[in-house]
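Here is the structure we will look at, set down as C-alpha cells.
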Amino acid sequence: MLGIGIFLSPSVVAGHLSSPLLFLGIWALAGLFAYAGAVACAELGAMMPRAGGDYVFQRAAFGPSVAFASGWVLFAAIMSGSIAAMSVGLCQYQLPTLLGVDLSQAVLGPVTGVQLSAIALILGFTAINAAGTRLSATAQNLMTLIPIGILGLVALYAILAGPSPGHVIAAAPAADAPVSAEALVMAYMAVYFAYSGWNSVIYVAGEVRDPGRNIPRALTSGTLAVTVLYLLLCLAFLSVLGLDGLASLQTDAGTATATALGGDVGRLAITVLIACALAASLNGTVLGGARVAFAMGQDGAFWSGAARLHPKTGVPTRALWLQALWSCGLVLSNQFEQILNLVSLAMVITGSLTVASLFVLRRRMPGAQRPYRATGYPWLPALYLASSAVVLLVMAGRAVAPAEGTTGAWYPLIGLGILALAFATHRLWLRGRQRGVLAALVAAAVGAGLFLAAPAARASEPAPAPAGATMDVAPLQAAAAAARDTRSSKAVRDLYAVLTCAGDTPYEVANYDRYCKRYRKYQATYRERFKTVAGPWIADKRPGGLPNVVLYPFSGADLISSVLAYPDALLHIHMSLEHGGPAYALEDLTANKRGRALWRLLDSAKGLLNLGDSKTKDLRLAHLDDLPGKLPITLVGLAAHDAEVVSIRYFKVGDDGRLEYFDADEKVGARPKTGHRAEFDARYSNFELAFKLPGSDQLRLLQHVATDLHDSKLGADKGKGVRAWLQGLGRVSFMTKAATYLLWSDGFSTIRNIAIDQSEWMISDASGVPRRHLPASDWDVTAYGKYSCPLLDWAKKDARAMAISDELAEWFKTSSAEPGLAFRFGYIDCRGQNSVVIAKRRR
C-alpha cells in the first residue's frame with residue numbers, strides 16, 4: 001500500500017476541498033472502505049489459498065470467461081503498467097536526487113538513462129523474486145517496515161513542531177466554503193487510488209504459511225496500520241504546510257514538509273524514505289503480478305509455461321521473467337501511463353468483482369471451510385462495493401458526458417471495451433468458434449496499433465532561434481492575424497467585451513450594472529496606484545534596445561504587469577502552474593450563472609488590480625468556476641491598458657521544443673499535472689493571445705504555458721520540451737514578482753539559470769533572482785525601496801532562504817538608490833515596505 005500515492009495525492013485532494021476537517025475525513029473514509037474490502041478478501045484468501053488472487057476468486061464465482069478477462073487486464077496492463085510506472089518514477093525523481101546525476105539524457109540511441117535504470121530495477125527485483133519467496137519477503141519487510149516506522153516518527157515530530165505556511169509555497173488561509181458533491185467525489189478518487197495495494201497478499205496466498213490465520217491478519221492489520229500512518233502524515237502535512245499551501249505545492253507533500261522542517265537534510269531524508277516505499281511497492285507488484293499469469297497458466301487461460309515452478313525455489317520463474325520482459329517493453333515504449341489511464345475503469349471493476357465474489361460464494365458454497373469469516377458481513381463488504389460504484393459512476397459519467405471542451409475523459413471507455421473484448425473472445429473460444437476469436441484478436445491488434453501510434457501530425461512553428469539571437473516574432477504575428485475569424489477568436493472578443501463592460505454585450509448577464517460599477521472601481525484603482533505611478537518610473541529606468549521578447553516565470557498570466565513593465569515588447573512569455581481556459585466559457589451559461597461567475601472573477605482579479613499580485617488561493621480557485629482558468633483574469637488586466645483583443649490560439653509545447661497549435665476540433669486528452677486542478681481539456685491549458693495597444697497597429701502576443709518549473713520537471717527536460725522551447729527564445733527581457741521566493745531555492749535552479757543566461761535586463765521584487773547569483777563582472781544590480789525580511793513565513797524557517805534574505809536586507813540598507821518607493825511591485829516585505837530590483841547585463 002505504502003507508495004508514492006500518500007505523497008502526491010494530498011495536494012490533489014486539498015485542491016478540491018476547502019476544509020482541513022473534510023481533508024482528514026476523506027482519508028479516514030477511504031481507509032474504512034479499504035478495510036471493508038480487506039475483510040472480504042481475507043475470507044476469500046483464507047478459504048481458497050491459491051496463487052492468483054482475483055483470478056482465482058472470480059473464476060470460482062463468475063466462471064472462466066470473467067476470470068480470463070480480468071486476469072489478462074491485470075497481468076498485461078494493471079500489474080505490468082504499474083511496475084513500469086513505479087520504476088520510471090523512482091529513477092526520474094528519487095534517484096537523481098540521491099545519486100546527484102542527471103538520468104534524463106539519451107544513453108543508447110533514443111533510450112535515456114531513466115529508462116535504462118528503470119529496466120535495471122525491474123530486472124533486479126525480478127531476480128530477487130526468482131531466487132525464492134523467502135528472499136523477496138525479507139526484502140519486502142525491510143523496505144516496508146523501515147519507512148513506516150520512520151515516517152510515523154517524522155509525522156509525530158511535524159505535528160508537534162507547530163504550524164507553518166510551508167517551505168515550497170505559502171498562502172493566506174482560505175475561508176471555509178461549500179464543497180460540491182463532485183469535488184468530494186474527485187477528492188475521494190485521488191485518495192481511493194492512494195490506498196490501492198491493500199489486497200496484494202492474495203496473489204501469493206498459495207505460498208503463505210497457515211493461510212487461514214495469516215492472510216486475514218496481513219490484510220486487516222496491514223490496512224489499519226497504513227490508514228493510521230496516512231492520517232498521521234496528512235495531519236503533519238496540514239500542520240506544516242496548511243491546506244492552501246498543500247494544494248499549491250510544486251513538489252510532493254513529503255519533500256515539501258521535510259524541507260520546511262529540516263532544509264536540505266530533511267529533503268534528502270524524505271527522498272530516501274520515498275525511494276524505499278516506492279521500491280517496496282515495486283517489489284510487491286513484481287511478487288504478486290507474476291502469480292496472476294501463473295494461475296492462468298494452470299487453467300489453460302495463458303501460456304502453460306507460466307505455470308511451471310522452479311524445482312528448487314518453488315516460485316513461478318517463467319511467469320516472473322515474462323512479466324519483467326513485458327514491463328521493460330512498456331518502459332521503452334513510454335506507453336505505460338497511457339495504458340494505466342486507459343484501464344482505470346477496468347481496475348475498479350476487477351477489484352469490485354473480487355469483493356462481489358464473497359457474496360456469490362457464500363450462497364454457492366455455504367458448506368466450504370472458512371477459517372476466517374468477514375467481519376461485519378454483509379455490511380462492510382457492501383460498503384466497499386457502494387464506494388466503488390460511486391467511483392465507477394462518476395468516472396463513467398465524465399467519460400460518457402464530459403464537461404464542455406473535455407475530450408480525453410472518454411479514454412477509459414476503451415479500457416472497458418478491452419475487458420469486454422477479452423470476455424467475448426474467451427466465450428467464443430469455449431464454444432469452438434475459432435474464426436470469431438481470430439477476428440477479435442485481429443481487431444484488437446489493429447486498434448492497439450492505431451491507438452499507440454504517434455499522434456496525428458500538427459502544424460509546427462519555425463525552428464527555435466539560434467543561441468545569442470532574439471526570436472523572430474513575425475511568423476507568429478502573421479499566424480495570429482490569420483486566426484482572427486476563428487470561432488475561438490470571436491468568442492474571446494465577446495468574452496473580453498462582457499468582462500470589461502465595453503458597451504453592448506452578446507450575452508444576457510444578471511446584475512450586470514452592479515458588476516460593471518465594481519469593475520470600473522477596481523480598474524480606476526489600478527490606474528491610479530500603479531499605471532500612472534509605476535509606469536513612468538519603470539520607463540525612466542528601462543534602457544533602449546532591449547529584446548522584444550519578455551520572459552515572466554511564476555506569472556499566473558499576469559499580462560497587466562508585463563505590459564506595464566515592457567509596453568514595447570512584441571511577445572510576452574508567461575509560465576506558471578495556472579491553466580488558461582476556454583474562450584467560449586460564457587456561451588452555455590444562464591444569465592444568472594454568468595452574473596455569479598463575473599462577481600467571482602472580480603474576487604479573483606481584485607488582488608491583481610488593487611495590490612499588484614494575486615493570492616495562491618485565488619489562482620487555484622479560478623480553475624473551478626464557470627469561467628475557468630486564467631484567461632478571464634488576463635483579459636481583465638489587459639483592459640486596464642485599453643487594449644484591443646484580436647485573436648486566440650491554443651497550443652502545446654512539443655518534445656522538440658516547437659509549439660504545436662491545435663485544430664478547431666482536435667481531440668487532445670488529459671491536462672498536464674501542474675499542481676492546479678482544472679476542469680477543462682488540455683487543449684485550453686496553453687494559449688496565445690494577440691492584442692493591440694492604443695495608438696499602435698503593432699500586433700503583440702502573450703503566450704501562456706501551464707507548467708511546473710521545479711527542477712524535477714523542467715530540469716528533467718534537458719534538450720527537449722519546455723526547456724528546449726525556452727532556450728530557443730534566445731535573448732530576452734526578464735521580469736518576475738510575487739514569485740514566493742522560489743528563485744531563491746535550489747529546487748528552481750534550472751529556470752533561474754535560464755533567466756541569467758538569456759536575459760539582457762531584469763526587473764523584479766525581492767523574490768526574484770538573488771543578487772548572489774548575478775556576478776558583478778557581468779551585471780549591474782540596483783536596489784530601490786526598502787527590504788528587511790521576507791513576507792512569507794516559510795522563508796523565515798529556512799536557513800538558506802534567511803541567509804539570502806539577510807544579504808538582501810543589508811544590501812538594501814546600504815545601497816538602495818531610492819529608499820522611498822511610491823508604489824508596490826509584487827510583494828511587500830515583512831514590514832510592509834516596497835522593493836524593486838533591477839539588473840542590467842554589462843555589454
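Some values worked out for this structure:
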item	result
Residues within region 766-782 that are more than 37 Å from the chain's Cα centre (by Cα) and open to solvent by less than 30 Å² (accessible area, probe 1.4 Å), tallied	0
Cross-chain or 6+ apart pairs with Cβ under 8 Å, region 17-30 first and in contact (Cβ under 8 Å) with a residue 12 or more places away in the chain, then among the charged types (D, E, K, R) and surrounded by fewer than 18 Cβ atoms within 10 Å (Cβ to Cβ)	18/176; 19/176
Qualifying residue in region 805-827 (condition: modelled with pLDDT of 90 or more, under 26 Å from the mean Cα position of the chain (by Cα), within 30 Å of residue 239 (Cα to Cα) and of a type in the set (A, V, I, L, M))	no
Region 127-136, subset in a helix (DSSP H, G or I) and touching a residue at least 60 places away in the same chain (Cβ under 8 Å), residue surrounded by the fewest Cβ atoms within 10 Å (Cβ to Cβ)	133
Number of the exception - residue 822 against (1) open to solvent by less than 20 Å² (accessible area, probe 1.4 Å); (2) of a type in the set (A, V, I, L, M); (3) not in a strand (DSSP E or B)	(1)
Options 493, 514, 520, 529: the member that is under 36 Å from the mean Cα position of the chain (by Cα) and open to solvent by 50 Å² or more (accessible area, probe 1.4 Å)	493
Options 252, 299: the member that is open to solvent by 50 Å² or more (accessible area, probe 1.4 Å) and modelled with pLDDT under 85	299
Residue, modelled with the lowest pLDDT, within region 715-736, restricted to residues that are under 25 Å from residue 777 (Cα atoms) and open to solvent by 10 Å² or more (accessible area, probe 1.4 Å)	727
Considering residues of region 825-843 that are of a type in the set (Gly, Ala, Ser) and assigned to a loop (DSSP other than H, G, I, E, B) only, the residue surrounded by the fewest Cβ atoms within 10 Å (Cβ to Cβ)	832
Members of region 262-293 found to be of a type in the set (Lys, Arg) and modelled with pLDDT under 85, listed by number	267
Residue 635 vs. criteria at pLDDT 90 or above and buried (at least 24 other Cβ atoms within 10 Å of the Cβ)	yes
From the options 805, 767, 777, residue that is in contact with a Cys (Cβ under 8 Å, 6 or more places away or on another chain) and at negative phi	805
Residue within region 46-58 that is at positive phi and free of Cβ contacts under 8 Å to residues at least 12 places away in the same chain present	no
Meets criteria (surrounded by fewer than 24 Cβ atoms within 10 Å (Cβ to Cβ) and of a type outside the set (Ser, Thr, Tyr)) for residue 51	no
Whichever residue in region 299-323 is outside any loop (DSSP other than H, G, I, E, B) and touching a residue at least 40 places away in the same chain (Cβ under 8 Å) and, among such residues, is nearest to the chain's Cα centre (by Cα)	323
Residues located in region 517-548, provided they are of a type outside the set (Phe, Trp, Tyr), under 27 Å from residue 752 (Cα atoms) and in a helix (DSSP H, G or I)	534, 535, 538, 539, 540, 541
Residue 816 vs. criteria open to solvent by 20 Å² or more (accessible area, probe 1.4 Å) and either of a type in the set (Ser, Thr, Tyr) or closer than 21 Å to residue 260 by Cα (or both)	yes
Selection within region 549-589 - more than 27 Å from the chain's Cα centre (by Cα) and either in a strand (DSSP E or B) or free of Cβ contacts under 8 Å to residues at least 12 places away in the same chain (or both)	549, 571
Condition met for residue 145 (out of contact with any helix residue (DSSP H, G or I) (no Cβ under 7 Å at 6 or more places or on another chain), open to solvent by 40 Å² or more (accessible area, probe 1.4 Å) and either over 22 Å from residue 241 (Cα atoms) or not acidic (Asp, Glu) (or both))	yes
Subset tally (residues that are under 18 Å from residue 274 (Cβ atoms) and in a loop (DSSP other than H, G, I, E, B)) for region 97-121	3
Residue in region 737-765 that is nearest to residue 545 (Cα to Cα), counting only those that are buried (at least 23 other Cβ atoms within 10 Å of the Cβ) and β-branched (Val, Ile, Thr)	763
Residue check, residue 160 of a type in the set (A, V, I, L, M, F, W, C), open to solvent by 20 Å² or more (accessible area, probe 1.4 Å) and modelled with pLDDT of 80 or more	no
Considering residues of region 89-109 that are touching a Leu at 6+ places or on another chain (Cβ under 9 Å) and farther than 18 Å from residue 270 by Cβ only, the residue modelled with the highest pLDDT	108
Selected residue (only one of 345, 393, 385 is at pLDDT 85 or above and assigned to a helix (DSSP H, G or I))	385
Which listed residue, of 124, 45, is part of a helix (DSSP H, G or I) and touching a Pro at 6+ places or on another chain (Cβ under 7 Å)	45
Hits in region 782-805 (condition: among the aliphatic types (A, V, I, L, M) and closer than 16 Å to residue 743 by Cα)	791, 792, 795, 799, 801, 802, 803, 804
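For (1) basic (Lys, Arg); (2) within 19 Å of the chain's Cα centre (by Cα); (3) modelled with pLDDT of 90 or more; (4) buried (at least 24 other Cβ atoms within 10 Å of the Cβ), each residue gets a yes or a no:
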residue	(1), (2), (3), (4)
629	no, yes, no, yes
642	no, no, yes, no
654	no, yes, no, no
664	no, no, no, no
684	no, yes, no, yes
700	yes, no, yes, yes
705	no, yes, yes, yes
708	no, yes, no, no
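Yes/no matrix, rows are residues, columns are (1) of a type outside the set (Gly, Ala, Ser); (2) assigned to a strand (DSSP E or B); (3) closer than 24 Å to residue 823 by Cβ; (4) touching a Pro at 6+ places or on another chain (Cβ under 9 Å):
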| residue | (1), (2), (3), (4) |
| --- | --- |
| 752 | yes, no, no, yes |
| 757 | yes, no, no, no |
| 766 | no, no, yes, yes |
| 769 | yes, no, yes, no |
| 775 | yes, no, no, no |
| 781 | yes, yes, yes, no |
| 789 | yes, no, yes, no |
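The values are calculated or read from the model by the stated rules, or taken from the named source; none is laboratory data. No experiment lies behind these values; they were computed from the predicted model shown. Note that each Cβ is placed from the backbone with ideal geometry, even for glycine, and that neighbours are counted across all protein chains shown. For accessibility, only protein heavy atoms count, side chains too; no ligands or nucleic acids. Shrake-Rupley method; radii C 1.70, N 1.55, O 1.52, S 1.80 Å.
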